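Have a look at the structure below, then the notes.
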């Protein structure tokens, strides 16, 4: 086999390759396709859009995400679309006062085996395009413009808008919080709001670096030895400012504020007056940036909690379809890629179809606690950034000012402490290895189940020999016309 992206570190191959049908061709869907192809399974991805719509906004890739993509052989490709983050500056949104800063510890990041990368989602979506190209390169079948109308998890079928019926061994829902697979799960369970709802709007845009460098006041955003992210804390507002690499370097803005009437979706442009209104009480740099913006999107930031059940029959749902993160969250993309990596690792051990449902439920058991904990943390960060004036906000700002005056990073410990609780928590999130987590489950639980299965019966062996390859590497099969 020729050396192609995604097979640079060829992992254990499944003894029984089966057919996976992935609903949704976003970051979650294509990442899942890559992971499953890496372990030898056959994959068909169905994406409702015939083309990839332009998305205006930044994407942050923390170490727990970048390490997976590095392991898949994509480090060189990532370097072409992103810039490695070095530091963060925290300011007050109303005045621009620098409250504090933090430089990422290179030794700590080395321990996580990843890097903190900023990449744009402008134009056609650089990260999405990279994952799409890689999925196709490693042999996944992708059908664009294929809208799924119905899903039958027990029959293992989906029906397209054309009436075409497709069947697979496993259906994977990666079609987001408004997708059909989530709606199937909601038939038998309820949506729950987070304990502390957010209920805000977020505007996102990217501004070309070339325009920023022409403005003497704005060019200081790039006047750093290392790429530096900005965060502005405000009264019921907050702004993330992210330097973006790639083919068209830019500065990304994510502006949070009270919910407004312009909300749409990631692929639906919003009126620029909405963005400018969100920033009208901000310091001068933000006002100037908003005037340079030529397009924006606006999405709702809510507090939807992860669903209780992620599996229905032979269907499993992952990514934002089952555990939507607040838009703009640092882990928004990371958790979806982690999901695909874990599912594939589990199914690398497949040798009979009786294992399928146990692996699907194992996936939920592994991922649900992690995703719930990260969801709470990300929602908490938004509340922290947008705190209203009061005792909490004053203590927060004074603590940062004190560290700034002492020459200490905002996440660094003072006094007798070796590490702050916040830094310990960040290291735990960044240091998580999704594939290692799945491997540990197999060693601790999966092997025990297989030994018990082997001791009780050898009847499954014939199923391996009798399995038919229904998704060829050249074309899509398992198509039943109605």
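When residue 52 is tested against (1) out of contact with any strand residue (DSSP E or B) (no Cβ under 8 Å at 6 or more places or on another chain); (2) farther than 20 Å from residue 160 by Cβ, only condition (2) is not met. Residues in the stretch 375-405 that are closer than 30 Å to residue 306 by Cβ and outside any loop (DSSP other than H, G, I, E, B): 14 in all.
Quick one: in the stretch 305-326, which of the residues that are part of a strand (DSSP E or B) and in contact (Cβ under 8 Å) with a residue 60 or more places away in the chain is farthest from the chain's Cα centre (by Cα)?
If we filter the stretch 305-326 for residues that are part of a strand (DSSP E or B), which is where we start, we get 311-312, 315-317.
Next cut, in contact (Cβ under 8 Å) with a residue 60 or more places away in the chain only: 312, 315-317.
On the way: 312: 23, 315: 20, 316: 17, 317: 14 Å.
Step by step, filter the stretch 305-326, then rank; the result is 312.
Run down 425, 463 and say which single residue is modelled with pLDDT under 65 and in contact with a helix residue (DSSP H, G or I) (Cβ under 8 Å, 6 or more places away or on another chain). Give the steps one after another, and end with the answer.
Values: 425 fails: modelled with pLDDT under 65.
Only one candidate qualifies: 463.
With respect to the conditions (1) surrounded by fewer than 21 Cβ atoms within 10 Å (Cβ to Cβ); (2) in contact (Cβ under 8 Å) with a residue 60 or more places away in the chain; (3) in contact with a strand residue (DSSP E or B) (Cβ under 9 Å, 6 or more places away or on another chain); (4) not assigned by TED's automatic domain parsing to the domain that holds residue 397, residue 228 falls short on a single one, namely (4).
Only one entry in 253, 287, 292, 272 is buried (at least 24 other Cβ atoms within 10 Å of the Cβ), more than 30 Å from residue 362 (Cα to Cα) and in the same structural domain as residue 242 (by TED's automatic domain parsing), namely 253.
Conditions tested, residue by residue: (1) in contact (Cβ under 8 Å) with a residue 12 or more places away in the chain; (2) loosely packed, with under 15 Cβ neighbours inside 10 Å.
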{"position": "198", "(1), (2)": "yes, no"}
{"position": "204", "(1), (2)": "yes, no"}
{"position": "208", "(1), (2)": "yes, no"}
{"position": "213", "(1), (2)": "no, yes"}
{"position": "218", "(1), (2)": "yes, no"}
{"position": "221", "(1), (2)": "yes, no"}
{"position": "232", "(1), (2)": "yes, no"}
{"position": "240", "(1), (2)": "yes, no"}
{"position": "258", "(1), (2)": "yes, yes"}
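Exactly one residue out of 365, 354 is assigned by TED's automatic domain parsing to the domain that holds residue 451, out of contact with any strand residue (DSSP E or B) (no Cβ under 9 Å at 6 or more places or on another chain), exposed (fewer than 15 other Cβ atoms within 10 Å of the Cβ) and closer than 23 Å to residue 17 by Cβ: that is 354. Residue-level check: of (1) part of a loop (DSSP other than H, G, I, E, B); (2) more than 18 Å from the chain's Cα centre (by Cα); (3) under 27 Å from residue 270 (Cβ atoms), residue 73 misses just (3).
One line per residue, one yes/no per condition, for (1) buried (at least 20 other Cβ atoms within 10 Å of the Cβ); (2) under 18 Å from the mean Cα position of the chain (by Cα); (3) part of a loop (DSSP other than H, G, I, E, B); (4) modelled with pLDDT under 90:
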| site | (1), (2), (3), (4) |
| --- | --- |
| 69 | yes, yes, no, no |
| 78 | yes, yes, no, yes |
| 90 | yes, no, no, no |
| 115 | yes, yes, yes, yes |
| 127 | yes, yes, no, yes |
| 130 | yes, yes, no, no |
| 134 | yes, yes, no, no |
| 139 | yes, no, yes, no |
| 151 | yes, no, no, no |
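The values are calculated or read from the model by the stated rules, or taken from the named source; none is laboratory data. Not measured: the values here are computed from a predicted model. Don't worry about glycine lacking a Cβ; one is built from the backbone with ideal geometry, like all the others, and counts go over all protein chains shown.
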